[in-house]
1. Which number in (1) surrounded by 24 or more Cβ atoms within 10 Å (Cβ to Cβ); (2) at negative phi marks the one condition that Asn319 misses?
2. Please specify each residue of the stretch 202-255 satisfying the condition of being within 18 Å of Gly337 (Cβ to Cβ) and not in a helix (DSSP H, G or I).
3. For the stretch 1-90, list the strands (runs of 3 or more DSSP E) that sit wholly inside it and hold at least 2 residues that are under 19 Å from Ile360 (Cα atoms) and free of Cβ contacts under 8 Å to residues at least 12 places away in the same chain; which are they?
4. Are any residues in the stretch 174-199 among the charged types (D, E, K, R) and either surrounded by 22 or more Cβ atoms within 10 Å (Cβ to Cβ) or not in a loop (DSSP other than H, G, I, E, B) (or both), and if so, which ones?
5. Out of Ala160, Ala187, Ala182, I need the residue that is out of contact with any strand residue (DSSP E or B) (no Cβ under 7 Å at 6 or more places or on another chain), under 30 Å from Gly352 (Cα atoms) and of a type in the set (Gly, Ala, Ser). Which one?
6. Of all residues in the stretch 408-449, count the ones that are over 21 Å from the mean Cα position of the chain (by Cα) and under 30 Å from Ser376 (Cα atoms).
7. Might you let me know whether the stretch 164-173 holds any residue that is over 20 Å from Gly89 (Cβ atoms), out of contact with any Lys or Arg (no Cβ under 7 Å at 6 or more places or on another chain) and exposed (fewer than 14 other Cβ atoms within 10 Å of the Cβ)?
8. Report, by residue number, each residue of the stretch 91-120 that is aliphatic (A, V, I, L, M) and either assigned to a helix (DSSP H, G or I) or touching a Pro at 6+ places or on another chain (Cβ under 9 Å) (or both).
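The values are calculated or read from the model by the stated rules, or taken from the named source; none is laboratory data. This is a predicted model, so every value here is computed, not measured. No Cβ is skipped: glycine too gets one built from the backbone with ideal geometry, and neighbour counts run over all protein chains shown.
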Amino acid sequence: MNLKRVDRWRLELPRAGAMLVPATVYASEKLRLEDESVRQLAAAASVPTVRKALATPDIHVGFGVPIGCVLATESVVVPAAVGYDVNCGMRLLATPLARPDVEGKLAELARSIARDVPLGEGKHNVALSRRDFEAVLARGLAALPEVTSGSDRWRESRRAEEERADAALAEDSGSVSGDLGALSRQAFERGLDQLGTLGGGNHFIEVQVVERLDDPETAAAWGLAAGQIVVMIHSGSRGLGHQVGGEYMKAAKGGQGPRAGLACLEADGRAGRDYLGAMNAAANFAFANRQIMAAFVRQSFRHFFGELSMPSVYDVPHNMVKREEHGGRRLWVHRKGATRAFPGRLLGGRFGATGQPVLIPGSMGTASYLLAGVESGAETLWSTNHGAGRVLSRTAAAGRRGKGGAVSESDFRRAMQGIELLAADRRGIYEEAPQAYKDIDAVVEVVVGAGLARAVARMKPLAVLKG
């Protein structure tokens, strides 16, 4: 592809062929770019009514569009530019603990959390009554105060004051307008008993220590200090979201688009409205899923460390499309493997002086970052990447049936040295090895250097729970 370097942090993909707009890739010389991911970005810049297409520094090959893609359109929505795991997202919890407090207890703590939160694909946990589940799908965290069904274990871990506080510290207050009528029966049934489950792939729960503060003032405003123990949860809408994504990508195939993987739906048409309503219902599921896992995590911490406060720092989604105003235009902003990073001016309240918290994890065994949205991020429609981005496919990293992969057992052990690992799939864990991902420090260097967000803190994993 004919990429042209603009400056240290940006490359431009000039308009060519079917492209309706040029595209921008945010990457330094340190970061590897796959040709196919750039071709996918060019195709994304060709969808009808596109007004902006860009790739964040974690860009890698996805389905239809690359992971790490921001696509803004005027009148169409593109299900593939959201993907299968609707509102996959991050939740960060703070604790009053320091590293010495947890040393020697991490293995037991991880096992305790895993007893309450099933790890891996196809797992089941908290089943709600149909009435309560419908309320959650329609209104997300706003519905939880009225939910009375669910497992005894979850009911024991719930605290009404924490649920109220957490909702205020989630994007959109953890509640968007879900349309139950747009959900298939199969999607509904797949989600009915999957709340409180982590999933597989790159989903995780990590006990981390705040290793470094880059912006002590903002960190303090968010309740964080150097040496503090925090917990990061990464999960999404599980089988329900996968069903919604698959069904509406199939439904879109008869519509417009430069190729099958980028088929579009008119946003104000019946199918487009249905997709948005179903996507929002899946997003509400994901908000509630992370909320329930957070309750279980808190319960385990309190078992080991006594009564303590574990407030949420923020809950931020990726894999969403939202109606937003940018440059005086109302646009449908798709963020696939990308997260919103609004400046304080657009938020007010607690984050008016700091900007929105942005969570960018690396891979297991490497650092994660907490950043803040800034005004200069307008050039990406106030968006950043959601992670480090792959450099090896799952098969390339792990091989087939655990053999012949690029990541050897000895390399994997070295990368994970000093970190307590609890994994549901010991054979498949090599797919998620640190060596399969880009250097998170180089990725965040681009984000900060390009003025897309401001670094606040760097966290290091102490214990990792994976599917």
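1. Every listed condition holds for Asn319 apart from (2).
2. The answer is Asn202, His203, Phe204, Met232, Ile233, His234, Ser235, Gly236, Ser237.
3. In the stretch 1-90, no matching strands (runs of 3 or more DSSP E) lie anywhere.
4. Listed by number, the residues that qualify are Arg185, Glu189, Arg190.
5. Ala160
6. 1
7. no
8. Matches in the stretch 91-120: Leu92, Leu93, Ala94, Val102, Leu106, Ala107, Leu109, Ala110, Ile113, Ala114.
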